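Everything below concerns the one structure shown next.
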Amino acid sequence: MPIPEEVTGDELDKDVKQELQSLPKTLAEDVARNLVMVARLIDEDPEGAYGYSRVALRLASRVAAVREAAGFAAYANQKYSEALAEFRAARRMTGNVELWPVMADCERGMGRPEKALDMAGAPDVQRLDKAGQVEMRLVAAGARRDMGQLDAAIVTLQSPELASSAVHPWTARLRYAYADALLEAGRESDAREWFAKAVESDRDGSTDASDRLAELDGVEFVDALDEDAADEDEQALGSVAEAPHADDDVDDDADDAEERDERRTGVERDEQDEDDDVADDFVPEGHEGHEGDEGREGVDRKKSEDDDQV
């Protein structure tokens, strides 16, 4: 897989680089660069991070840091069985218990919450630092919820760490989990209080507590881009409504044609009347209508009398 030229491998932690010193220099550099890409992409592009982790694993499967990185990349892609196998391998190589909470969460992901609870009660938990113990508590509460034991999950999260006013990297997530469990139990007022506390301690935006709190308060957020698109749609609909329709054009044409026919008929009628008047002017007096017929009969009688005299 391609790696940007600016990635040198020196970006890794000192402890990881020290582990890679057991490899040949060129190989160590290649592995280091792939591990840097895993760290860069695991949040925004889990699939890409997984690809680089597989390359590093193929190059140096006997390095604990490589197995751990491969485990987290698989975990980010919800490949829980594969992640658990890599975490177990890394733990065997190092002997430390730092991965114990995430290993228990893999058991949850594989549909085995009872196994996660067993791990939460194991002696190894006592060897975890404060952050690890809080993570283990979160996993145990999640396992209780998976099993439908909501009240037990709430009790599991009630701890000195939850009540403390001090803010640690895990404080927001702990308060958020507690608020979410309260909300599921129907305790909306208490849930709102703890979502607000989660917002106060969420300095790096690791949760969506602010959105959940706004939802409880009935606040709706409108995407500005969606609003602009809606305005454009309304303008388009307005333009269509104002535009003349084809049927209207046909009706207008028909009305115009009818009006022209009426004007033409009126002109022809006027011309006919004028022609009649002209014709009347050329008819001799006494030869109009029935009176003209009587005049011709008088002429015929006179002519007949003259013939008789002859």
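The values are calculated or read from the model by the stated rules, or taken from the named source; none is laboratory data. All figures in this text were calculated on a predicted structure; none of them were measured in a lab. Note: ideal-geometry Cβ built from the backbone for every residue, glycine included; neighbour counts use all protein chains shown. Note: accessible area is taken over every heavy atom of the protein model, side chains too, but ligands, DNA and RNA are not part of it. Shrake-Rupley method; radii C 1.70, N 1.55, O 1.52, S 1.80 Å.
Summary table
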quantity: J(HN,Hα) series, region 110-126, from Karplus relation 6.51 cos²θ - 1.76 cosθ + 1.60, nearest Hz, glycine and proline x; calculated: 8, x, 10, x, 4, 5, 5, 5, 4, 5, 5, x, 6, x, 4, 4, 5
quantity: Average accessible area per residue (Å²) across region 41-133 - probe 1.4 Å, nucleic acids and ligands excluded; calculated: 51 Å²
quantity: FRET efficiency, 1/(1 + (r/R0)^6) with R0 22 Å, evaluated for Glu200 and Leu150 via beta carbons; calculated: 0.30
quantity: Links that overshoot a 30 Å alpha carbon limit, given the list Lys14/Lys79; Lys14/Lys115; Lys14/Lys130; Lys17/Lys130; calculated: Lys14/Lys115
quantity: Solvent-accessible surface ranking, highest first, for Phe72, Phe195 at 1.4 angstrom; calculated: Phe72, Phe195
quantity: Environment charge of Asp208, counting only residues whose C-beta is closer than 12 Å and scoring Lys/Arg +1, Asp/Glu -1; calculated: -2
quantity: For region 83-92, 3J(HN,Hα) per residue [Karplus equation, 6.51 cos²θ - 1.76 cosθ + 1.60, θ = phi - 60°, Hz, x = Gly/Pro]; calculated: 4, 4, 4, 5, 5, 4, 5, 5, 5, 5
quantity: Calculated FRET efficiency for the pair Lys130/Asp45, C-beta based, R₀ 45 Å, to 0.05; calculated: 0.90
quantity: Volume per residue that the Cα convex hull of region 41-186 spans, once the total is divided by residue count, Å³; calculated: 116 Å³
quantity: Pairs of alpha carbons in region 12-55 whose separation is greater than 18 Å (percent); calculated: 28 percent
quantity: Value of Rg/Rh across region 1-84 [Cα atoms, Kirkwood radius]; calculated: 0.94
